[in-house]
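Below is one structure, written out as C-alpha cells; the observations come after it.
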Amino acid sequence: MSVAALRSEPQPAAVAPVARGASNVVTIARKPARRDSRIKQKIAAFFATVVPPLVVVAMMLLVWEFACSGPKSSLPAPTRIWAESQDLILQPFFVNGPQDVGLGWRVATSLERVVIGFGLASVVGVLLGALVGQSVWATRGLDPVFQVLRTVPPLAWLPISLAAFRDSAPSAIFVIFITAIWPVIINTAVGIRNIPQDYQNVAKVLRLNHIEYFWRIMIPSAAPYIFTGLRIGIGLSWLAIVAAEMLTGGVGIGFFIWDAWNSSKLSDIVVALIYIGVVGFVLDRLVALIGQIATRGTASG
Amino acid sequence: MIAPLEPKSHTRLVPMIGDKSFLKIDHVDKTFVRGSATTEVLSDVNLAIERGEYISIIGHSGCGKSTLLNLIAGLTTVTRGAVLLENQEVNAPGPDRAVVFQNHSLLPWLTVYDNVRLAVDKVFGRMKSKVERHAWTMEKLDLVQMAHARDKRPSEISGGMKQRVGIARALAMEPKVLLLDEPFGALDALTRAHLQDSVMQIHARLGNTAIMITHDVDEAVLLSDRIVMMTNGPAAHIGEVLEVNLPRPRHRLEMATNPEYLRCREAVLRFLYERHRLVDTAA
C-alpha cells in the first residue's frame, strides 16, 4: 500500500507542467469534443442494434406480402391484416362488452393466471428443490418421480385438473403450475448441491440454524441456478397458458385465438400471435433482469 | 516461591500462565473411509496448548495438517482419541474455534461489513444491543484496517484485503482459539509480509490463542511461540515441537541476523528437508 502511495506521488509533478504549458483553450475545447464523440458512439451503437432487426422484419413483411397477395391465397397478407384488424392493433384496451375486449385486456387476464400459477410454482419449486438438493434420500426418492412427471406435456394434465377442480379457472392455473415447477425444482436442486464447501464450513462454524442457513447461504448461493430455472419456467408457462385457454375458454388470449379461428378471422389470429410473442419476450427479459439484479454479488464473486 | 513471568508473554495479558491443558489434542487418530479404501491420515497425535500461545503446524503437502485443523475446528470428527478445549470435548464446529480459511471464504453476496456483521449477529445476537453489535463490527474492521471498505463486496477488493476481512470475521466471534488454515498462502510476498505483521500486532493486543497451518518456514518462525512439525503421511504424527524463544514484539528486519531466529529456521529446514524429505514424486 505504501509502495503504491510513493509511486503515485511524483506523477502529478510530472504531469502538471504539461497541463500548465498547454493553453486552457485546448482543454476546454477538448472536453465537448469528447462528449460529442461519446454521444455519437451511443447513437451508432443504438443504430447497430436496432437497424438489423428492422431490416429483417421489413424484408420478411415484403416476402410475406408477395407470397400471400394472390387471390387464391389462404393466409392474409400484412396489408389485409392491417385493413381488417386495425382496431386490435391500435386500441389494445377497448371494452365493448364482457366478451368483446381489446387484446391488452386479454393478455392481462392470461398474465394474471400465469402470475398466480408461476408464482406458486416458484415458491413450491424452490422449497422442493432445496429439499431434493440437500438430502441424499430425498434425491433418491423424489428425483426419478420428478424425471418422469416433467416429461408429461402440459395439456395432458388438463383433464385431470378439470376433474379435480371442477372449474376452468383453477385448472388453467394448475396447468401453469405443473408446467413451470419442474425446471425450478431441478435447477434449484443442482444449485443447492453446488454450494461450495467453504460456505458450508462458514455456516457450520457460525452454527447457523436451518432457517438462517436457507436464507443466508442456500438461496443466495444457488440464486444463479434458481433464476435459470425460473426463466425456463416462465417460458414454459407462457407456452402452456395459450394452449390451456384454448380448451378452457374465458377471456384469455388463448381463447381469443380459438374464437377467431371459429369465426374465420385469420387476421385477428396473426395479431394475437404477435402479442403473445412480444409478451413472452418481455416476460423472459423481465425474469432475466430480476435475476441479474438479485445475483449481482454471487455471479461476480 | 514466586515463579517469574515467562519472557515471551511479557507483552500480553495471559490470564493463566503455564496452563498447558487449555487445548489438548489427546491421542488422536483419523482414518478416512471411502468405499472399501481406508486411509489413516493421522496417527496418535498428542499436543497440549497453553492459553495465549501462537502455534504453527508445518509439514509437507498431504501430511494431514489441514485434517488436524479441521479436527480442532470440529469440521471433521476424530476416529480415536479426543480434542479437549478447556476440558470439554470438541465434536462439532462452533464460534469458539473460529477459522480463517485459506481462500477467505467470504460470502460474495454480502458486503465486507455484512460478512463480519453476520458473525457478530450470530454470536452476540442475544448478548449485545444493535448499537453495540454495530460498534463491535466496526471495531474489528478497524483492527484489520478494513473499515474504509465496509460497503464493498468481496469481488471488489484485493486478495489481501479479503483475507483481512476473513480475519476480522473470525476475531469478531471472540474465539477461544483462532484457527488459521494457510491464511497467507494465496497472497504475494509483499502482501503476505504486511498481513503477517498485522496478525502479530493483533495477537499482541488481544493475546488470543492461535493455531496456524503454514508451508512457509520463515512465517512459522516469525509468528510462533512453538512450531509443530508433522511427519509425512500416511499415518502422520507430530515429529518434533520446536520452541521459538524470541522476545516479542518481533521485527522482520532484525530477525534476519538474529542467532535464535536462524537457529529455529535451520531446525525446521533440517526437519523438513533432511529427516522427513518428501520422497514421493507426486508432491
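The values are calculated or read from the model by the stated rules, or taken from the named source; none is laboratory data. On a predicted model such as this, the values are computed, not experimentally measured, just so you know. Note that each Cβ is placed from the backbone with ideal geometry, even for glycine, and that neighbours are counted across all protein chains shown. Side chains are part of the model used for accessible areas, which takes the heavy atoms of the whole protein and leaves out ligands, DNA and RNA. Shrake-Rupley method; radii C 1.70, N 1.55, O 1.52, S 1.80 Å.
Looking at the structure I just gave you, is residue A:188 in contact with a Phe, Trp or Tyr (Cβ under 8 Å, 6 or more places away or on another chain) and either open to solvent by 10 Å² or more (accessible area, probe 1.4 Å) or aliphatic (A, V, I, L, M) (or both)? Show your work before the answer.
Working: in contact with a Phe, Trp or Tyr (Cβ under 8 Å, 6 or more places away or on another chain): yes; either open to solvent by 10 Å² or more (accessible area, probe 1.4 Å) or aliphatic (A, V, I, L, M) (or both): no.
Answer is no for this residue.
Of the numbered conditions (1) more than 28 Å from residue B:32 (Cβ to Cβ); (2) outside any loop (DSSP other than H, G, I, E, B), residue B:249 fails exactly one; give the number of that condition.
Single failed check for residue B:249: (2).
Among the numbered criteria (1) under 20 Å from residue B:64 (Cα atoms); (2) open to solvent by 20 Å² or more (accessible area, probe 1.4 Å); (3) within 14 Å of chain A (Cβ to nearest Cβ), which one does residue B:177 miss?
(2)
Please state which of the following conditions residue B:220 fails to meet, knowing it meets all the rest: (1) at pLDDT below 90; (2) in contact with a strand residue (DSSP E or B) (Cβ under 6 Å, 6 or more places away or on another chain); (3) among the aliphatic types (A, V, I, L, M).
Going through the list (1) at pLDDT below 90; (2) in contact with a strand residue (DSSP E or B) (Cβ under 6 Å, 6 or more places away or on another chain); (3) among the aliphatic types (A, V, I, L, M), residue B:220 breaks only (1).
Quick check on my filter: what residues within the range B:240-283 are touching a Gly at 6+ places or on another chain (Cβ under 9 Å) and either open to solvent by 40 Å² or more (accessible area, probe 1.4 Å) or among the basic types (Lys, Arg) (or both)? Let's see the steps before the verdict.
The first filter runs over the range B:240-283 and keeps only residues touching a Gly at 6+ places or on another chain (Cβ under 9 Å), leaving B:271-272, B:275-276, B:278, B:280, B:282-283.
Of everything in the range B:240-283, those that are touching a Gly at 6+ places or on another chain (Cβ under 9 Å) and either open to solvent by 40 Å² or more (accessible area, probe 1.4 Å) or among the basic types (Lys, Arg) (or both) turn out to be B:275, B:276, B:278, B:280, B:282, B:283.
Where residues in the range A:109-123 are within 16 Å of the chain's Cα centre (by Cα) and open to solvent by 40 Å² or more (accessible area, probe 1.4 Å), which of them is nearest to residue A:241 (Cα to Cα)?
It comes out as A:111.
Within the set of pairs 6 or more residues apart or between chains, which connect a residue that is over 17 Å from residue B:254 (Cα atoms) inside the range B:202-223 to a residue that is open to solvent by 20 Å² or more (accessible area, probe 1.4 Å) and part of a strand (DSSP E or B) with Cβ atoms less than 6 Å apart?
That search, which allows pairs on different chains as well, returns B:213/B:181.
Going by the conditions given, is residue A:77 surrounded by 14 or more Cβ atoms within 10 Å (Cβ to Cβ) and touching an Asp or Glu at 6+ places or on another chain (Cβ under 7 Å)?
yes
Evaluate the range A:239-246: report whether one residue or more is at pLDDT below 90, part of a helix (DSSP H, G or I), open to solvent by 20 Å² or more (accessible area, probe 1.4 Å) and within 14 Å of another protein chain (Cβ to nearest Cβ).
For the range A:239-246, residues at pLDDT below 90, part of a helix (DSSP H, G or I), open to solvent by 20 Å² or more (accessible area, probe 1.4 Å) and within 14 Å of another protein chain (Cβ to nearest Cβ): absent.
Return yes or no: is residue B:105 within 14 Å of chain A (Cβ to nearest Cβ) and either open to solvent by 40 Å² or more (accessible area, probe 1.4 Å) or assigned to a helix (DSSP H, G or I) (or both)?
No: the conditions fail for residue B:105.
Would you mind finding the one in A:227, A:255 that is within 22 Å of residue A:117 (Cα to Cα), away from every other protein chain (no Cβ under 14 Å) and open to solvent by 40 Å² or more (accessible area, probe 1.4 Å)?
A:255
Mind listing just one residue for me: the one in the range B:50-83 that is within 14 Å of chain A (Cβ to nearest Cβ) and not in a helix (DSSP H, G or I) and, of those, least open to solvent (accessible area, probe 1.4 Å)?
B:74
Filter the range A:207-224 down to the residues that are assigned to a loop (DSSP other than H, G, I, E, B), facing another protein chain (nearest Cβ under 9 Å) and open to solvent by 60 Å² or more (accessible area, probe 1.4 Å) and list them by number.
Across the range A:207-224, the qualifying residue is only A:207.
Counting only residues that are part of a loop (DSSP other than H, G, I, E, B) and open to solvent by 40 Å² or more (accessible area, probe 1.4 Å), which one in the range B:129-147 is farthest from the other protein chains (Cβ to nearest Cβ)?
Here the answer is B:129.
Within the range B:192-210, can one find any residue that is crowded, with 23+ Cβ neighbours inside 10 Å, assigned to a helix (DSSP H, G or I) and in contact with a Ser or Thr (Cβ under 9 Å, 6 or more places away or on another chain)?
Scanning the range B:192-210 turns up no residue that is crowded, with 23+ Cβ neighbours inside 10 Å, assigned to a helix (DSSP H, G or I) and in contact with a Ser or Thr (Cβ under 9 Å, 6 or more places away or on another chain).
I need a count of the residues in the range A:170-206 that are over 27 Å from residue A:292 (Cβ atoms), within 14 Å of another protein chain (Cβ to nearest Cβ) and hydrophobic (A, V, I, L, M, F, W, C).
Selection size over the range A:170-206: 2.
Looking at this structure, is residue A:168 open to solvent by 40 Å² or more (accessible area, probe 1.4 Å) and hydroxyl-bearing (Ser, Thr, Tyr)?
Numbers: open to solvent by 40 Å² or more (accessible area, probe 1.4 Å): yes; hydroxyl-bearing (Ser, Thr, Tyr): yes.
So residue A:168 passes the test.
Output the qualifying pairs, or none if there are none: Cβ atoms under 7 angstrom, residues six or more apart or on different chains, first residue in the range A:263-291 and surrounded by 12 or more Cβ atoms within 10 Å (Cβ to Cβ), second residue charged (D, E, K, R).
Here the result reads A:267/A:80; A:267/A:84; A:284/A:231; A:287/A:231; A:288/A:231; A:291/A:231, each pair linking the range A:263-291 to a residue that is charged (D, E, K, R).
Within the group B:97, B:126, B:117, which residue is open to solvent by 40 Å² or more (accessible area, probe 1.4 Å) and either at pLDDT 90 or above or in the same structural domain as residue B:157 (by TED's automatic domain parsing) (or both)?
Of B:97, B:126, B:117, the one residue that is open to solvent by 40 Å² or more (accessible area, probe 1.4 Å) and either at pLDDT 90 or above or in the same structural domain as residue B:157 (by TED's automatic domain parsing) (or both) is B:126.
Which of the residues that make up the range B:218-239 are buried (at least 21 other Cβ atoms within 10 Å of the Cβ), within 19 Å of the chain's Cα centre (by Cα) and assigned to a loop (DSSP other than H, G, I, E, B)?
Correct list: B:224, B:225.
Taking the residues in the range B:84-94 that are free of Cβ contacts under 8 Å to residues at least 60 places away in the same chain and surrounded by fewer than 16 Cβ atoms within 10 Å (Cβ to Cβ) as candidates, determine which candidate is nearest to the other protein chains (Cβ to nearest Cβ).
If we filter the range B:84-94 for residues that are free of Cβ contacts under 8 Å to residues at least 60 places away in the same chain, which is where we start, we get B:88-94.
Going one step further and asking which of them are surrounded by fewer than 16 Cβ atoms within 10 Å (Cβ to Cβ), we end up with B:88-89, B:91-92.
Details: B:88: 15, B:89: 17, B:91: 12, B:92: 8 Å.
Among residues in the range B:84-94 that are free of Cβ contacts under 8 Å to residues at least 60 places away in the same chain and surrounded by fewer than 16 Cβ atoms within 10 Å (Cβ to Cβ), the one nearest to the other protein chains (Cβ to nearest Cβ) is B:92.
What tally of residues in the range B:148-164 results from selecting those that are more than 11 Å from chain A (Cβ to nearest Cβ) and under 21 Å from residue B:185 (Cβ atoms)?
Adding up the residues that qualify gives 4.
Please return the ranges of helices (runs of 4 or more DSSP H) entirely within the range A:59-162 where 3 or more residues are under 19 Å from residue A:236 (Cα atoms).
Hits in the range A:59-162: A:103-134, A:136-149.
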